[in-house]
There are 2 protein chains.
Amino acid sequence: MKIVGIIAEYNPFHKGHEFHLEKAKKITGADAAIIIMSGDYVQRGIPSIMPKHLRTQMALACGADVVLELPVCYATGSAEYFATGAVSLLEALGCVDYLCFGSECGEIKILQQIADVLCKEPELYKVLLQKHLKNGNAFPAARKLAFIEYLGKNKSLSCIPEQISAILDSPNNILAIEYLKALSCLNSSIEPVTITREGAGYHDQTLGGLFSSASALRQGLQDCELTKNANHTPAINHILQELPQNCHKIFKENYHKCFPVFADDFSLLLKAKLLTETKDILTRYLDITPEIANRIITFRNDFLTFSQFCDLIKTKNVTYSRISRCLIHILLGISKCDVPDQAANSRCGYARLLGFRQESSWVLTSIKKNTGIPVISKLSQPAGIDIHMLEQNIFASDLYESVVTDKYHTPYKNEYQKQIIRLTL
Amino acid sequence: MKIVGIIAEYNPFHKGHEFHLEKAKKITGADAAIIIMSGDYVQRGIPSIMPKHLRTQMALACGADVVLELPVCYATGSAEYFATGAVSLLEALGCVDYLCFGSECGEIKILQQIADVLCKEPELYKVLLQKHLKNGNAFPAARKLAFIEYLGKNKSLSCIPEQISAILDSPNNILAIEYLKALSCLNSSIEPVTITREGAGYHDQTLGGLFSSASALRQGLQDCELTKNANHTPAINHILQELPQNCHKIFKENYHKCFPVFADDFSLLLKAKLLTETKDILTRYLDITPEIANRIITFRNDFLTFSQFCDLIKTKNVTYSRISRCLIHILLGISKCDVPDQAANSRCGYARLLGFRQESSWVLTSIKKNTGIPVISKLSQPAGIDIHMLEQNIFASDLYESVVTDKYHTPYKNEYQKQIIRLTL
């Protein structure tokens, strides 16, 4: 029996994800798919639009067999750190045969060649990278320039500069390269497989077309909130059309009970938290440079909402997402010293089970037989676990739940009270 | 020139307060009134319904000459601690001739006799108090029983047991006795004067009658919120009728811009704050016993709003207000170790000016000439100040302002940016 691993946010789960799940199983011939899914916060530094238990339910209803949670420090980390955490978790399960991911490029060989250079960092490439960084380029730009120059001087690679430039401009390619790098670094036996991304672009905000992007769906949900008092059934139906049929019931039953959740629902918490911070304390949080800390302190009196504040703090060289990640790290108390050990070990200390299909429980058996890390199915009895990483995750989810229950006036359930989703067909 | 001191919350300022101000000046013959006013949080452990600067404006418009802020640790303290802080601040000004307060009893001689016993605590009284506490009575009940028994055995006092019982059952009498105790303890030369309380009772919730109580006005404002979407002009006009004419314009200009503010506007902040607390940490906050800490930890998952939580935590022996004070101390970070030094010194370390009438600026001159403590008129240049007490106050007000701006989507102004109210007639 073969297993394919998928790393995802499912924010929210849509038809494109369903397509990817089906195709991943088909092209690898895998009998089951294990999903490493972000929890209640995602990589662009925002809370997920729906709680993780709901997104798990949707994924299981549409073809996922087992859903494991990517710890929040990885889930809200830079692309590299996100990939390192997720791939190391897949690897640690000991029973995953393939890692299947989308990319705009669609050719694993080219992506792998790029990843090899970035992973091994040949001396010439390093020198070129330093040069372009010194010239004042932000890291992604410097990397691209260095890579193209390196390529001109190293004829052993099969791709041409124009290709590289296009590849490194696409967000899914960049993530794909990070996955490949992580697999290389871990000497993993997991075989990478890529699927050409179809449908809407990553940042595409319009609904409709072959597949609407998750961004477009989130924007659609936000637009519905703005017209809250009007009858917004048609608008919601428009969004439902973009979700797999199996998600409709789950969506309708939980709409305005536990979602949608936006970064701006955390505005007051952020404001209150920033009241007690100093520049020194701020720089202890993950991703925050002294310059960003300075800007946060300077402008902390000048915002009403979380997203306004990101817009205010971002600069030419520091993106909105980076700032948003910084602010989430402040709110969740994720500090730099939480990171180095884990990065050095390059591994995720435990596997937290969010849900599984009953018919695929053999996957769980296989994980338990082969893994070197504890599998947490019940929070009340974790043993031999990186407690700090887990506690940080529990706090992050309890804070999310606090916002949800405050917004929708529903009963509060803490992380210990939540059950694993078990889908019986 | 004579000056009368008044200790008040003005939450909100109403016709009864205006009457008290006029009468205080009249019966003492004072030329000016200095108000020691609670800031953004009040003694029953809730945020004030309006920001302190607005309440200052109203008080100045209705006969107050100078308004000073009672630091938040005193303002949210027990009746005894509240009185100690406020009276010591008045005393420290060095130029106050009278302290005028309302009481249900209205006879200073009787109140003074009770205060003397409670202040000096004769051996016999102490023994009786211990006995009644041991019998399981809460402190206020034990004190009353002990006092009545003491009275029966000590014929030198002029009041009779029935009087005592009635006196000690009335909240304004209890506060009056605390003021008298504080004056005695400080050997103050300030002469106490009491005015019989007229109009609605302290806890009276109905509007109308001679004077509506502040409770009734707050309840009225809350009721208006519940019917937010309907046209609530008539209800608001009903409330306006209970405010002095001079307050109407201030009220109308600021309604739904910076008030009303309720404890439940702090619900999410409380929930988030409680996520990270342990029983040990909780008992470090002012007023929190290990039993209260236990109850907070046990029930912290079971509430949606601040007021619901108070209802849930209160017991037969621990009142709603006491719990509310505990929760405010948690939110504002007011701990037990903030208190002893100040209590031992029995003095307020600085006088923070919130506002004054231009025509009464001679009062400020008199304070500056006679006081032994720094008078803060500009936050940016405080010198020789109990920095911790002041910083705590700044944090508390900034948190209040965060809630206000989040609720009403108005620009945020931190404590340093706020101006002293200067009323020019």
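What the table below lists for this structure:
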| quantity | calculated |
| --- | --- |
| Peptides ranked, highest mean first, by Cβ atoms within 10 Å: ranges A:45-52, B:23-30 | A:45-52, B:23-30 |
| Shielding score for A:304-315, defined as the mean number of other chain Cβ atoms within 10 Å | 1 |
| Residues whose placed amide H lies under 5 Å from that of residue A:99, excluding near-sequence neighbours | A:5, A:191, A:193 |
| Sequence ranges A:57-68, B:7-18, ranked by mean other-Cβ count within 10 angstrom, highest first | A:57-68, B:7-18 |
| Antiparallel bridge percentage (DSSP; both residues within the protein assembly as shown; nearest 5) | 20 percent |
| Karplus 3J(HN,Hα) series, Hz, for the range A:70-76 with 6.51 cos²θ - 1.76 cosθ + 1.60 (x for Gly, Pro) | 6, x, 4, 5, 6, 4, 9 |
| Shielding of A:401-409 by partner chains, average beta-carbon count, 10 Å | 4 |
| Cα shape, the range A:362-425, gyration tensor, a/c 1.5 rule | oblate |
| Electrostatic dipole magnitude of chain A [Cβ: Lys, Arg +1; Asp, Glu -1; Cα centre; debye, to 20] | 140 debye |
| DSSP-defined beta bridges in chain B - what % are antiparallel, rounded to 5 | 20 percent |
| Likely footprinting exposure, A:193, B:404, A:127, fewest C-beta neighbours within 10 Å first | A:127, A:193, B:404 |
| Listed residue pairs exceeding 28 Å between alpha carbons, taken from B:134/B:181; B:249/B:271; A:25/A:418; B:15/B:252; A:15/A:120; A:2/A:144 | B:249/B:271; A:25/A:418; A:15/A:120; A:2/A:144 |
| Relative contact order of the range B:263-334, pairs being alpha-carbon contacts under 8 Å that are 6 or more residues apart, as % | 40 percent |
| Residues B:403, B:96, sorted so that the one with the fewest Cβ neighbours within 10 Å comes first | B:403, B:96 |
| Shielding score for B:59-72, defined as the mean number of other chain Cβ atoms within 10 Å | 0 |
| Max mean-square fluctuation residue, GNM over chain B, Cα-Cα springs under 10 Å, options B:328, B:35, B:313 | B:313 |
| Span-rule helices in chain B, defined as complete DSSP H runs reaching 24 Å or more along the axis (Cα) with Kyte mean at least 0.0 | none |
| Ranked B:38, B:267, criterion: other C-beta atoms within 10 Å, fewest first | B:267, B:38 |
| Residue A:423 long-range amide H proximity, modeled H, under 5 Å | A:356, A:357, A:358 |
| Integer Hz, Karplus 6.51/-1.76/1.60 couplings in order for the range A:350-356, x for Gly and Pro | 7, 10, 9, 7, 9, x, 7 |
| Pairs of Cα atoms farther than 38 Å apart, chain B, % | 19 percent |
| Size of electric dipole in the protein assembly as shown: Cβ of Lys, Arg +1 and of Asp, Glu -1, about Cα centre, debye, nearest 20 | 280 debye |
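Every number in this text was worked out from the coordinates using simple rules, so none of it is lab data. Since this is a predicted model, take the numbers as computed values, not measurements. With ideal geometry, Cβ positions are generated from the backbone for all residues, glycine too; neighbour counts draw on all protein chains shown.
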